[in-house]
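Reading through the structure tokens given below for one structure.
All of the numbers you see were taken from the coordinates with simple rules; none came from a lab. Only a predicted model underlies this, so the values are computations on that prediction, with no experimental measurement involved. Here the Cβ positions follow ideal geometry from the backbone for every residue, glycine too, while neighbour counts run over all protein chains shown.
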Amino acid sequence: MSFQAPKGVQEYVPPQSATFLAVRAAFSGAAANAGYSYIEVPVFEDTQLFARGVGASTDVVTKEMYTFSDKGGRSITLRPEFTAGVMRSALEHGLHQGQLPVKLWTTGPAFRYESPQSGRYRQFYQFNLEAIGTEDPAVDAETIAVAWTGYQALGLTQVRLKLNTLGCKQCRPAYRAALQDFLRGLDLDEATRARVEINPLRVLDDKRPEVRAQVEDAPLITDHLCASCKAHHDRVRSLLEDLGVPWEDVPRLVRGLDYYTRTTYEFDHPLLGAQSGIGGGGRYDGLSEDIGGPPLPGIGFAVGVDRIILAVEAENLAQEAPPRVAVFGVPLGEEAARRLFRLVHELRAAGVPADMAFDGKGLKGAMKGADRSGAAYAVILGDRDIAAGAAQVKHLASGGQTAVPLAEIVTTLKERLTK
Ligand code: HAM
């Protein structure tokens, strides 16, 4: 029998895997440029970290976590997101006791048991960035600008930024109560009425037309902000204006995770259909305390690598796979194969990407391999050439061929390739 990948898992094989790396490089480049350091955190954590960090009333925690008991009887969960784990790790390593803010990025797979469709997977890939230990609205704007720079670096022109604030400990409770009062007066089904009591903001995010129509006149957080949240929000927006990053104010924007406070945002791509969210983030000023740490504000985002690949493809920006190597060895005979094997190794050591034909392929098959590798030059070596102490160096695009002494191949090719 043969196996297939598990349901809902996305894989990236060549040549598409080149786009996968390009997406990650665009964002890690932007993050490193803005002074963010790399952090590597585990794929699994104590289940309670996510229950308390992400929030017990979220879909992510109640329905979507990959949770299991390990052989030691611990409850373990595959990370559904990075923020809780990054905060846990920063606290555990005392990063917050040094210079603030602590600026970190990471990337890798995350896991949510969702019903799979295009752009929605059970194992998906995020690029994630966090700035911990700052309340400065400039850092809110900085995180947005880094994400924006990443999208721009990929050449994407249709990304839209939706911006909102969710208020803070001071102003959100009064808003929540006002929203609940409004929602309790509506004609809603039982599950939604229950949600009104537990997580009323989520009701604003309900996609069903009959609910949407009813919540049209719901009170908005932006009319209930305290003075400091309002000043914070205004500052973030004016800084974005300074940077020329366009956004749309979406006062009903609700995020799927519970830790958010103040600034929240999402990036959307109009060509992606139902799963158009290609990134999202915001402030989480209470998360540290929720997971047993000291008061420590933070802000960050994650972008969905899988969905950005779809956006890159939708905008026809997918690059052709780059050449695998610059030089390809074509050995004719066993002794030549041995000599070329060493030569290819020497080329690699000299920084020249090189590969060669294996399996005793004949000239025709080996030359086909050279063409497919994208190499600029083939080095053809036969037993007679060894006796003469030289190999044939063939420029594949022009077909031009010269004999080069074996001892000079590395320097000659290095020179020709840098011309
Ligand atoms: P999130 O909005 O849940 O935020 O996820 C961020 C991005 O991950 C989404 O915009 C989407 O592109 C991608 N994504 C989420 N679920 C899936 C899925 N099942 N399949 C494919 N892509 C998906 C967070 O995860 C927060 N931790 C972001 C953050 C960092 N907030 C502050 N710091």
- Rounded to the nearest whole Å³, what is the per residue volume of the convex hull around the Cα atoms of region 270-419? 225
- Quick one: Cα centre-to-centre distance for region 334-385 and region 1-80, in angstrom? 40
- Item | Residues HIS232, HIS93, sorted so that the one with the fewest Cβ neighbours within 10 Å comes first | HIS93, HIS232
- Take the chain, compute every pairwise Cα distance, and split them into 10 Å bins from 0; I just need the percent in each bin. 4, 18, 24, 20, 13, 10, 7, 3, 1, 0
- Of CYS229, CYS168, how do they rank once you tally other Cβ atoms within 10 Å and put the fewest first? CYS168, CYS229
- Message: If Rh is defined by the Kirkwood formula over all Cα pairs and Rg also comes from Cα, what ratio Rg/Rh do you get for region 151-239?
- Response: 1.07
- Note on the structure: Per the beta carbon screen (other Cys under 4.7 Å), unpartnered cysteines of the chain come out as CYS168, CYS229
- Query: Over region 327-417, what is the mean sequence separation of C-alpha contacts under 8 Å (at least six apart), divided by residue count, expressed as relative contact order in percent?
  - Reply: 29
- Query: Most exposed first by the Cβ proxy, i.e. fewest other Cβ within 10 Å, how do THR157, THR402, THR47 rank?
  - Reply: THR157, THR402, THR47
- Taking Cα atoms only, helix 334-349 is inclined relative to the longest principal axis of the chain by an angle, in degrees rounded to 10, of 50
- Task: Quote the FRET efficiency, to the nearest 0.05, computed for LEU363 versus VAL9 with a Förster distance R0 of 51 Å and r equal to the Cβ-Cβ distance.
- Result: 0.80
- Which percent, to the nearest 5, of DSSP beta bridges fully inside region 327-417 are antiparallel? 50
- Item | Unit Cα scatterers, Debye sum, region 65-126: log10 I(q)/I(0) for q = 0.25, 0.29 Å⁻¹ | -1.04, -1.17
- Note on the structure: Reduced to Cα centres, the span from region 278-293 to region 233-266 in Å works out to 15
- Of all lysine pairs in the chain that are eight or more residues apart or on different chains, those with Cα atoms under 30 Å apart total 25
- Quick one: grab the alpha carbon gyration tensor of region 223-269, order the square roots of its eigenvalues as a ≥ b ≥ c, and give me rounded if a/c is under 1.5, else prolate or oblate depending on whether a/b is larger than b/c. oblate
- Which Rg and Dmax, in Å, describe the Cα atoms of region 13-92? 15.8, 43
